[in-house]
Amino acid sequence: MSRLGSRFHADESAGLLLWQVTNRWQAAQRAVLKPFGLTHVQFVLLASLAWRTGDEPVSQRELAHQAATDPMMTSQVVRVLEQRGWLSREPHPDDGRAVALRITDEGVTLVRRAVVAVEQCDEEFFAALGSRAPAFASALRTLRDSQG
């Protein structure tokens, strides 16, 4: 047992390992997104909106749920994305209390370019997993879905 009273060695703690890997992955993502003028959360919200955009309006609450982001933080980031001309906010046709989000043509162009860099970054980052990558993604989905 360590002086901390933990029953784990640091390299056996799934939580610590996840935190360490996440920090390294986020640093890599920040680096590839910097030339696009996007933060990681801006990219995630813009890409999530691009995936959802069709004829149906997307509310900020729905976007936050899909991206698993805090609704208040989502609202702040959406305002920045709107100021930059990458999305628009309009009255929601079905809910007077909500706004409908739409990605602009400029936003689509930006996110299409950025997604190529993000996916390349992911491929390089997770390459060490080799053939275990699909099982790793499955395990992450299990954790995500079990946390509600």
Filter segment 74-84 down to the residues that are modelled with pLDDT of 95 or more and either in contact with a strand residue (DSSP E or B) (Cβ under 9 Å, 6 or more places away or on another chain) or surrounded by fewer than 17 Cβ atoms within 10 Å (Cβ to Cβ) (or both) and list them by number. Q76, V78, R79, V80, L81, E82, Q83, R84
Which residue out of A117, A135, A139, A128 is over 23 Å from H40 (Cβ atoms), of a type in the set (A, V, I, L, M) and at pLDDT 90 or above? A135
Residues of segment 85-103 being assigned to a loop (DSSP other than H, G, I, E, B) and either in contact (Cβ under 8 Å) with a residue 24 or more places away in the chain or crowded, with 16+ Cβ neighbours inside 10 Å (or both), in sequence order, are W86, H92, P93, D94, D95, A98
Which condition from (1) outside any loop (DSSP other than H, G, I, E, B); (2) buried (at least 16 other Cβ atoms within 10 Å of the Cβ) is the one that T69 breaks? (1)
Show the residue pairs meeting these rules: Cβ distance below 8 Å; 6+ apart or different chains; first residue within segment 60-80 and free of Cβ contacts under 8 Å to residues at least 60 places away in the same chain and of a type outside the set (D, E, K, R); second residue surrounded by fewer than 15 Cβ atoms within 10 Å (Cβ to Cβ) and assigned to a loop (DSSP other than H, G, I, E, B). A64/D70
Note: among S131, S88, just one is within 30 Å of G15 (Cβ to Cβ) and of a type in the set (S, T, N, Q), namely S131
Q29 under 16 Å from the mean Cα position of the chain (by Cα), over 21 Å from V118 (Cα atoms) and assigned to a helix (DSSP H, G or I): no
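The values are calculated or read from the model by the stated rules, or taken from the named source; none is laboratory data. In this text the structure is predicted, and so the values were computed from the model without any measurement. Glycine gets a Cβ as well: all are built from the backbone with ideal geometry, and neighbour counts include every protein chain shown.
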